[in-house]
Amino acid sequence: MTALPSRADAARALVEIGRRFYARGWVLGTSGNFSAVVADAPRRLLVTPSGAHKGTLDANALVEIDDEGRHVAGEGRSSAETRLHLEIVRARGAGAVLHTHSVWATILSDRHAQAGGVAISGYEMLKGLEGVATHDHREWVPIVPNDQDLTRLAGAFRTALERHPDAHAVLIAGHGLYTWGDAIATAERHVEILEFLVEVLGRTAEGRHGAGENPR
């Protein structure tokens, strides 16, 4: 089992990730949210506060919650999507969960929403995902409908995670990407890999459409 970071170390790491992701256009405005497990038995998560700009996060503003999403420490409110982080931590034993709102993840999640997911295969970058050893791997990324009712959305996440136990990520239609890892660094790597792949798929589709193929 990966050693859990201290609250201070996790806070610093999430702040730095916020700056890097903002610079790459993945968490513009106040979009996106991050979490890291900082204690177990009982479980505690450090979560970015609601409405926070990820490019200017303050480590002292991050909020600590328990396994039921209840406030433990910190002055702000945890992200409105905290329930989704908890579903992922429980289902995958994740040590960190990162959520981005990039242009390409939004486009791809909308384009493939009716199919319930998108398959990615044949790309060398897939080997950056934990446990993947070949470009021949087929990664199925489930897509759940967006919903302002967070209880329903959490239920949809739970179902997607149960149905697709090998998935490394979940997309929310017209919204963005959720991925995770056993540690903060693993989760960050997964974001970088998956954001690369969804951009490749998006740009490839745009190229085909530009060549005369009708978009579906």
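For the reader, a short list of remarks on this structure follows.
This table checks each residue for (1) of a type in the set (Asp, Glu); (2) in a loop (DSSP other than H, G, I, E, B).
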position	(1), (2)
Lys127	no, no
Asp136	yes, yes
Gln148	no, yes
Asp166	yes, yes
Val170	no, no
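- Only one of the numbered conditions (1) in contact with a Phe, Trp or Tyr (Cβ under 7 Å, 6 or more places away or on another chain); (2) part of a strand (DSSP E or B) is not met by Glu199, and that is (2).
- Subset of the stretch 153-180 [β-branched (Val, Ile, Thr) and under 17 Å from Ala119 (Cβ atoms)]: Val170, Thr179
- Pairs, first without any contact (Cβ under 8 Å) to a residue 24 or more places away in the chain in the stretch 101-124, second among the aromatic types (Phe, Trp, Tyr), C-beta under 9 Å, six or more apart: Ala119/Trp140
- Within the stretch 156-192, being over 14 Å from the mean Cα position of the chain (by Cα) and among the basic types (Lys, Arg) holds for Arg158, Arg163.
A short reminder: the numbers here are calculations on the coordinates, not readings from a lab. Because the structure is a prediction, the values reported are computed rather than measured. Methodologically, a virtual Cβ is constructed for each residue, glycine included, from the backbone with ideal geometry; neighbour enumeration extends over all protein chains shown.
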